[in-house]
1. Would you kindly identify the helices (runs of 4 or more DSSP H) lying entirely within the stretch 1-57 that contain at least 1 residues that are within 25 Å of residue 68 (Cβ to Cβ)?
2. Out of (1) of a type outside the set (D, E, K, R); (2) modelled with pLDDT under 90; (3) surrounded by fewer than 12 Cβ atoms within 10 Å (Cβ to Cβ), what's the single condition that is false for residue 18?
3. Go through (1) crowded, with 16+ Cβ neighbours inside 10 Å; (2) at pLDDT 60 or above; (3) in contact with a strand residue (DSSP E or B) (Cβ under 6 Å, 6 or more places away or on another chain); (4) among the aliphatic types (A, V, I, L, M) for residue 53 and report which single condition fails.
4. For the stretch 40-52, how many residues meet the condition of being farther than 25 Å from residue 86 by Cα and without any contact (Cβ under 8 Å) to a residue 24 or more places away in the chain?
5. If a residue must be of a type in the set (Ser, Thr, Tyr), free of Cβ contacts under 8 Å to residues at least 12 places away in the same chain and in contact with a strand residue (DSSP E or B) (Cβ under 8 Å, 6 or more places away or on another chain), how many such residues does the stretch 17-39 contain?
Amino acid sequence: MAKTHRIFQEPRDGIVAHTSISKAIATIPLVESWLGLVTDEIWPAFTRMVDAIEEWSDSQEPNETGYNLATNQFDAYFEGMKKSTHREKRFADVITFFHAGGKWERAELIEHYNWEIMSEGLVVELGGMANEVCLFLGISTPVANSINRGSDFTMKSCLNGRERDADEWDQLFEKADSRFKLQGIAAVPNSRFSVIEAIWEDGSAPGLRRT
């Protein structure tokens, strides 16, 4: 498996050697943290996601997930993380790694494939948490349709959450408390984030606004 994924190489029969990837894992702490998070937490949660859906049909409880089945823990993902200094630090390292620069740059992928042949098709990006490939394809190429399926898988398997459109956010606020009134969702230019604005309408605190 490690050789298939270019972590090690076999320059000749019977000889296994390091590659630049295995060197990075061994010498760059942030890479080691990322690999540890994926292998210890994210991937095991993926493998039990269907089991969790079958066991807790229609559940949105954060502790009824593939992660809970895989690790045999009751706590929700981030609640359990609070109890482990090691997990907290590793997660912080991974976030630092993701924001460190061009390690996950998609530009070469966009520029060095003939995407024009897909002008009438559908491109599905699997595992792209930040949706960069689909985003850049929409800007720079004539691809007719593209969708990202990565964020929802991770959210479902670890947090029992999912992506939502504006109508679903409106319904979620209503279900939480009818005094929440969704005002709108604004996408932030050049950012992965959006601003969800809601007003709390309560006679005891008129005009109170929470964003």
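The values are calculated or read from the model by the stated rules, or taken from the named source; none is laboratory data. Values in this document were obtained by computation on a predicted structure and should not be read as measured data. Please note: Cβ atoms are built from the backbone with ideal geometry, for glycine as well, and neighbour counts cover all protein chains shown.
1. Qualifying helices (runs of 4 or more DSSP H): 29-37, 43-47, 49-55.
2. Condition (3) is where residue 18 drops out.
3. For residue 53, the exception is condition (3).
4. Final tally of qualifying residues: 2.
5. Kept after step one, since they are of a type in the set (Ser, Thr, Tyr), are these residues of the stretch 17-39: 19-20, 22, 27, 33, 39.
Right, trim to free of Cβ contacts under 8 Å to residues at least 12 places away in the same chain and you get 20, 27, 39.
Those left that are additionally in contact with a strand residue (DSSP E or B) (Cβ under 8 Å, 6 or more places away or on another chain): none.
The qualifying residues number 0.
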